[in-house]
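Here the structure is laid out as C-alpha cells; the discussion comes afterwards.
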Amino acid sequence: MSPYTLSMLMSSLAVGTITTLSSYHWFLAWMGLEINTLAIIPLMTKMHHPRATESATKYFLTQATASALILFSTIMNAWMTGEWTIMNMNHYTSTTILTIALAIKLGVAPFHLWLPDVLQGLNMMTCLILSTWQKLAPMALLVLTSHQLNTNLLIMMALTSMIVGGWGGLNQTQMRKIMAYSSIAHLGWMTMIVPFAPNLALLNLLVYIILTSSMFMTLMALNSTSMNKFSTSWLKTPTLASFTMIVLMALGGLPPTSGFLPKWLILQEMTKQHLNMLSITMAMSALLSLFFYLRLSYTISMTSPPHISNSNLNWREKKNLQIIPMMIMLSMMMMPMTPALMVMN
C-alpha cells in the first residue's frame, strides 16, 4: 500500500474517533463511527487474500448493522422526546436498542461471533488497530450514556462476555483467535462496571489497550501467529520471550502486574454495591482466561520444538523494537498508582 494512502486512512481513523469523542449531537457521533468503519476496511483488504476479503466483508456488515441500530434508536428518541443530544436518551426502547447496538460495535457477547473470525483473517498490525483504537469511540458512547442504559441488560451481557471469553479461548491454537477471546473477556469487565463506576471502565480500557498493544507488538516481533511458532520464541530471543510471559500474566490479571489493578478496583466497587454473588462469578470467570494465558506461558518457556535449528539466517533482519520495552514496563509497573486512583475514585 502506498504511504500516501496509508497516511490518509490512518488520518481518517483518527478523525472518525475524535469526531465521536468530541460530539454532543447523536448524528455527529454516528457520522464519526461511519468514518471510522470506512477507513479501516481498506486496511483490512490490503493483503489481497480471500481470508482478508472475508474478514472485511464480515466486519462491514456487522458494523453497518450496529450503526443502523444506533441511528434508529436516536431517531426514535428524538421523535419521542425532541432531543438529539447524547446525554438525553430517556426513552426505554431507544436505550435498549442503543445498548444492543454498542454491544455489537464492541463485540460484547452474545454479539461476539464476528470478532474471532475477523481477526483471524487480518495481519497483526490491523488486528492491533481493531482490538484497541476501534474500541475507543463505542466505549466513549457507552460511558457517556451509562446512566441511561438498561443496567440489567448490560450486566447480563458483561457476565456472558467474561464466561464466553474465557471458555472460548481454551481450545484455540491460533494467537489471533486467542487475543480475540481475550478481548471479549476484557470487554465483559468494562461493560460490567460501566453502570456503577464509569471512571473504572475507562481505567480498565486504558490498561487493556496497553496490555493488548504489548502482546500484539511482541507477536509481530517474534513473527508468531500460532502456538507452534510461539513455542520456538525462546530460541530466537530469550529476553523478549521471558518478558512475554510477564505480559501474559498481566493479561490474566495476576498481581503485582498492571492487569491486576482494574480487576481489583472493579471487584471492590462491586462488593460496595452489595453484588457479592456477581463478584464471585466474575472472579471465577477470570480463572478461565488465566488458564489459557498460563498455557501460553508454559508453551513459550518450558517446551521446545523437536528439531532445533542452529541457523540464524532467519533472524538477521533487524526489527523495530524500540516501543516494546516501554509498553512492557507499563504492563508490569502500574500497580504503584493504585492508592492515587483509589483516592480519585
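The values are calculated or read from the model by the stated rules, or taken from the named source; none is laboratory data. Bear in mind that the values here come from a model prediction, so they are computed numbers and not experimental data. Positions of Cβ are backbone-derived with ideal geometry, glycine not excepted, and every protein chain shown enters the neighbour counts. For accessibility, only protein heavy atoms count, side chains too; no ligands or nucleic acids. Shrake-Rupley method; radii C 1.70, N 1.55, O 1.52, S 1.80 Å.
Look at (1) farther than 20 Å from residue 25 by Cα; (2) out of contact with any helix residue (DSSP H, G or I) (no Cβ under 7 Å at 6 or more places or on another chain) and you find that residue 59 fails only one, number (2). Residue 293 meets all of the listed conditions (1) surrounded by fewer than 18 Cβ atoms within 10 Å (Cβ to Cβ); (2) under 15 Å from residue 185 (Cβ atoms) but one, namely (1). Could you tell me whether residue 119 is touching a residue at least 24 places away in the same chain (Cβ under 8 Å), open to solvent by 30 Å² or more (accessible area, probe 1.4 Å) and under 13 Å from the mean Cα position of the chain (by Cα)? Against the criterion (touching a residue at least 24 places away in the same chain (Cβ under 8 Å), open to solvent by 30 Å² or more (accessible area, probe 1.4 Å) and under 13 Å from the mean Cα position of the chain (by Cα)), residue 119 does not qualify. Has segment 223-231 got any residue that is at pLDDT below 90 and aromatic (Phe, Trp, Tyr)? The answer is yes; a qualifying residue exists. Residues that are open to solvent by less than 10 Å² (accessible area, probe 1.4 Å), farther than 24 Å from residue 110 by Cα and more than 23 Å from the chain's Cα centre (by Cα) are absent from segment 39-58 altogether.
So, residue 178, is that one open to solvent by 10 Å² or more (accessible area, probe 1.4 Å) and assigned to a helix (DSSP H, G or I) or not? It is false that residue 178 is open to solvent by 10 Å² or more (accessible area, probe 1.4 Å) and assigned to a helix (DSSP H, G or I). Inspect segment 137-144 for any residue being surrounded by fewer than 24 Cβ atoms within 10 Å (Cβ to Cβ) and either more than 19 Å from residue 32 (Cβ to Cβ) or out of contact with any helix residue (DSSP H, G or I) (no Cβ under 7 Å at 6 or more places or on another chain) (or both) and give the result as yes or no. For segment 137-144, residues surrounded by fewer than 24 Cβ atoms within 10 Å (Cβ to Cβ) and either more than 19 Å from residue 32 (Cβ to Cβ) or out of contact with any helix residue (DSSP H, G or I) (no Cβ under 7 Å at 6 or more places or on another chain) (or both): present. Could you go through segment 125-145 and let me know if any residue there is within 21 Å of residue 230 (Cβ to Cβ), touching a residue at least 24 places away in the same chain (Cβ under 8 Å) and of a type in the set (Gly, Ala, Ser). For segment 125-145, residues within 21 Å of residue 230 (Cβ to Cβ), touching a residue at least 24 places away in the same chain (Cβ under 8 Å) and of a type in the set (Gly, Ala, Ser): present.
Tell me, please, whether a residue that is in contact with a strand residue (DSSP E or B) (Cβ under 9 Å, 6 or more places away or on another chain), hydrophobic (A, V, I, L, M, F, W, C) and open to solvent by less than 30 Å² (accessible area, probe 1.4 Å) can be found in segment 92-110. Reasoning before the result, please.
Taking segment 92-110 as the starting set, the residues that turn out to be in contact with a strand residue (DSSP E or B) (Cβ under 9 Å, 6 or more places away or on another chain) are none.
Checking segment 92-110: not a single residue is in contact with a strand residue (DSSP E or B) (Cβ under 9 Å, 6 or more places away or on another chain), hydrophobic (A, V, I, L, M, F, W, C) and open to solvent by less than 30 Å² (accessible area, probe 1.4 Å).
The helices (runs of 4 or more DSSP H) falling completely within segment 215-308 that include 2 or more residues that are of a type in the set (Lys, Arg) map to 260-272. If you go through segment 117-141 and pick out every residue that is within 19 Å of residue 210 (Cβ to Cβ) and touching a Ser or Thr at 6+ places or on another chain (Cβ under 6 Å), you end up with 4.
Scanning segment 1-36 for residues that are without any contact (Cβ under 8 Å) to a residue 60 or more places away in the chain, open to solvent by 80 Å² or more (accessible area, probe 1.4 Å) and among the aromatic types (Phe, Trp, Tyr) returns 4, 27.
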